[in-house]
Amino acid sequence: MISRTQLSRRNFLLTTAAGVTWLTTMGKANARVPAGKDAFVEKLLNQMTLEEKAGQLHMEGVLSPRMVEPNFQKINPFTPSFSPEEAQSLLDAQLARIRSGGIGVMTSPEDIDSVVLAQKTAVEETRLKIPLLFGADIIHGHQTVFPVPLAEAASFEPSLASRTARACAVEACSNLGLDITYAPMVDIGRDQRWGRVVEGAGEDVLLGSLFAAARVRGFQGNERSGVDSLLACPKHFAAYGAAESGLDYAGTSISDRVLHETYLPPFAAAFEAGAILTMEAFNTIDGVPSTGSHRLLTDILRGELGFRGAVISDFQSEIELVQHGFAADERDAARLALLRAATSAWSAGSFRATYRTSCAPVCSIRKYSIRRYGACCSSNARPACSTIRSVASTKAVPQVHRHLRTANWLAKRQQDRSCC
């Protein structure tokens with residue numbers, strides 16, 4: 001058994017392989033330097049069951065203990081409709097998944113009570129006492145609201161964006177105990193019909209690269225091991241901003257030259273600034289979905305850009321490989337995503353559900369994964385996110401989180417998208 005002192009939240013980051021990769025000394029291109037073997041992490045890995053390793057790749061929305069209160073839904077209108085008894089059942093089920101080692105990352109807590117309850121359960125009641133990672137979308141403010149990223153870019157002052165990102169990090173870490181922000185968005189946007197252009201720095205490659213690096217430095221601070229360091233996750237890899245007709249999620253067809261000259265430089269700048277996470281894109285490039293693209297995630301990201309950090313899926317993007325006709329079923333989708341580079345699945349449950357019948361991809365998880373607290377540093381234990389249960393059971397249990405909504409809504413969303 002590993003002592004609790006060894007696994008204190010920040011010390012664990014500094015002594016695990018994930019920590020070696022994520023928290024290597026701040027410097028140029030440290031996300032591009034392969035991490036060496038770490039004795040502590042190797043020992044921990046050897047103690048983990050295959051199910052626990054797969055669980056570290058699972059992310060889901062953290063439930064609030066306040067959800068059992070009768071008036072909870074009145075003040076949180078985006079939550080599904082359930083009785084206090086049903087809420088207690090959902091909360092108990094999630095805590096059971098944590099105790100079994102089936103969750104590695106949790107996303108978007110509504111209050112600090114949620115984080116405290118989940119983290120105490122993980123470090124006090126699980127077999128290996130591995131802490132959880134917590135992430136959220138901190139785009140242009142947490143408690144203090146700053147101008148949107150596009151407006152900040154109009155200042156032509158990257159240092160300003162770095163300062164506002166630093167303020168966001170301090171507030172998010174101190175207020176909610178977060179570890180990760182799903183930002184900055186570094187997509188180049190040249191079609192103003194695309195609504196998400198507001199999240200980036202606009203159309204200029206140089207300006208976008210400068211702001212990408214500045215925001216990464218601001219979020220992470222001088223030391224990623226600091227209590228006020230918020231891990232940056234530049235997104236969406238890649239060419240998400242090239243969506244045809246400005247339609248979000250739409251595919252794109254671009255030349256290799258345009259990809260390398262326009263859409264990759266901001267990511268390279270973010271990695272150079274110390275980012276050790278990145279998020280895949282929903283879109284296809286020349287008909288191949290990013291999440292399943294060996295060329296994009298392995299040849300280009302790992303090979304050409306030399307990225308050795310963690311890759312997380314966007315919301316259920318690995319499951320959408322089925323809708324794309326790229327994977328035969330959800331198990332095949334999990335296999336493809338893991339083999340391509342996606343080391344964690346956002347609330348789809350695919351990796352956790354697949355471990356019994358597709359163990360090879362899970363066993364091949366590398367130390368560059370994002371399991372910041374976990375032993376298997378493969379994808380950010382959220383750090384990228386899937387449920388500990390099968391996809392079917394995940395869809396049957398509403399995720400009480402404004403980004404996850406209900407299972408019925410999610411299923412309808414996937415059906416609608418497959419028809420388009």
Give the residues of region 73-106 that are out of contact with any Pro (no Cβ under 8 Å at 6 or more places or on another chain), in a helix (DSSP H, G or I) and more than 22 Å from Leu128 (Cα to Cα), sorted by residue number. Gln73, Lys74, Ile75, Glu85, Glu86, Ala87, Gln88, Ser89
Given (1) of a type outside the set (Ser, Thr, Tyr); (2) assigned to a helix (DSSP H, G or I); (3) closer than 18 Å to Asp137 by Cβ, number of the condition Ala269 does not satisfy: (3)
The condition of being touching a residue at least 40 places away in the same chain (Cβ under 8 Å) and of a type in the set (D, E, K, R) holds, among Glu203, Glu223, Glu157, only for Glu223
Only one of these conditions is not met by Leu150: (1) modelled with pLDDT of 95 or more; (2) part of a loop (DSSP other than H, G, I, E, B); (3) hydrophobic (A, V, I, L, M, F, W, C). Which number is it? (2)
Long-range neighbours under 8 Å by Cβ, at least six apart or interchain, first residue surrounded by fewer than 21 Cβ atoms within 10 Å (Cβ to Cβ) and in a helix (DSSP H, G or I) within region 30-53, second among the aromatic types (Phe, Trp, Tyr) and modelled with pLDDT of 75 or more: Arg32/Phe271; Arg32/Phe307
Selection from region 280-317 of residues crowded, with 21+ Cβ neighbours inside 10 Å and free of Cβ contacts under 8 Å to residues at least 40 places away in the same chain yields Pro289, Ser317
Just to be sure I understand the filter: pairs with C-beta atoms under 6 Å, separated by 6 or more residues or on different chains, first member in region 55-84 and more than 21 Å from Leu178 (Cα to Cα), second member at pLDDT 80 or above and among the charged types (D, E, K, R). Which pairs pass? Phe72/Arg66
Looking at Ala165, Ala213, Ala183, Ala161 in this structure, which one is surrounded by 22 or more Cβ atoms within 10 Å (Cβ to Cβ), assigned to a loop (DSSP other than H, G, I, E, B) and in contact with a helix residue (DSSP H, G or I) (Cβ under 8 Å, 6 or more places away or on another chain)? Ala183
What are the pairs, 6+ residues apart or on separate chains, where a residue within region 92-112 that is closer than 19 Å to Glu125 by Cα has its Cβ under 8 Å from a residue that is of a type in the set (Phe, Trp, Tyr) and surrounded by 15 or more Cβ atoms within 10 Å (Cβ to Cβ)? Gly104/Tyr373; Val105/Phe134; Met106/Phe134
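The values are calculated or read from the model by the stated rules, or taken from the named source; none is laboratory data. Since we're looking at a predicted model, the values are computed, not measured. Heads up, the Cβs are rebuilt from the backbone with ideal geometry, glycines too, and the neighbour counts pull from every protein chain shown.
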